[in-house]
Amino acid sequence: MGLHVTGDPDVDRLLGEDPLALVIGMLLDQQVPMERAFAAPYRLRERLGGELVAERVAAMSDEEIEAVFAQKPALHRFPASMARRTRDLCAHLVEHYGGDAARIWSAADSGAQVLHRLTTLPGYGDQKARILLAVLGKRLGTAPPGWREAAAPYSDEQPRSVADIDSPEAVQVVREWKRRHKAR
């Protein structure tokens, strides 16, 4: 169990222990290498003085959050737009979950309910929601009953996403599957 996405034990530990970091990392996992996307919450926490708190991020202005994301090295390939998406995600978490990202799954009765909650997050679509649900079930053991059905096909044994990375070697297996899949 656990996450081994970035190759940095401290970053991976944060992703496994801080639900907000995990939800933000998944949000940022687009158009950049997954290691960079999932390391961004750790770097964001550093830039915010050592605390990653949804209420604080949600209260930031466009200028403030964009400046934090744009500091060298930038947290994402598209720092301004992803900064605003991160702020919007945090605002949604504050409004609907009291700022506690874990409540998305800890207060749910079923995998289908978690999937529905994830798909309503700003910046999340069906595929991203299913992958995160599979991460919760496969890597963290925190998904409710029915998560496998709700997360399909990411809940199967085919290594295809971050949910299947259980070691540094698995990163390359997933990357190779994605390369072959994209070539089709």
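What the phi angles of region 96-113 give under the Karplus curve with 6.51, -1.76 and 1.60, with θ = phi - 60°, is a coupling list of 9, 10, x, x, 9, 4, 4, 5, 4, 10, 6, 9, 9, 8, 8, x, 4, 5 Hz, glycine and proline written as x. The Cα-based radius of gyration and maximum Cα-Cα distance (Dmax) for the chain are 15.5, 45 Å. Highest GNM mean-square fluctuation among Lys138, Lys128, Lys72, for the chain modelled with Cα contacts below 10 Å: Lys72. How many angstrom lie between the C-alpha centres of region 59-104 and region 165-184? Spelled out, the Cα-based centre of one part sits 28 Å from the other. Based on protein heavy atoms only, the chain ends up with 47 Å² per residue of surface accessible to a 1.4 Å probe. The modelled label-to-label distance between Asp8 and Phe78, using points 7 Å beyond Cα along the C-beta direction, is 2.3 nm. In a shell of Cβ-Cβ distance under 13 Å around Gln127, excluding Gln127 itself, what net charge do Lys and Arg (+1) and Asp and Glu (-1) give? Local net charge: +2.
Calculated translational diffusion coefficient of region 1-72 (10 °C, 1.306 mPa s; Stokes-Einstein with Kirkwood radius over alpha-carbon pairs) equals 128 µm²/s. To the nearest whole percent, what portion of all C-alpha pairs in region 52-130 is separated by more than 19 angstrom? Result: 41 percent of Cα pairs exceed 19 Å. Each Lys or Arg adds one and each Asp or Glu subtracts one; over the other residues with Cβ under 13 Å from the Cβ of Met82, this totals +2. Each Lys or Arg adds one and each Asp or Glu takes one away; over the other residues whose Cβ falls under 13 Å from the Cβ of Ala67, this sums to 0. Rounded, prolate or oblate, given the Cα gyration tensor of region 77-178, with a/c below 1.5 counting as rounded? It comes out oblate by the Cα gyration axes. Overall, the accessible surface of the chain at a probe of 1.4 angstrom is composed of carbon and sulfur to the extent of 49 percent. So which of Lys138/Lys178; Lys72/Lys178; Lys138/Lys182 end up more than 27 Å apart, counting from Cα to Cα? The pairs that break the limit, which is 27 Å between Cα atoms, are Lys72/Lys178.
For Glu157, the accessible area of its heavy atoms, probed at 1.4 Å with every protein chain present, is near 150 square angstrom.
The values are calculated or read from the model by the stated rules, or taken from the named source; none is laboratory data. Computed from a predicted structure; not experimentally measured. Quick reminder, even Gly has a Cβ in these numbers, built from the backbone with ideal geometry, and neighbours come from all protein chains shown. Areas reflect the complete protein model, heavy atoms only, side chains present, ligands, DNA and RNA absent. Shrake-Rupley method; radii C 1.70, N 1.55, O 1.52, S 1.80 Å.
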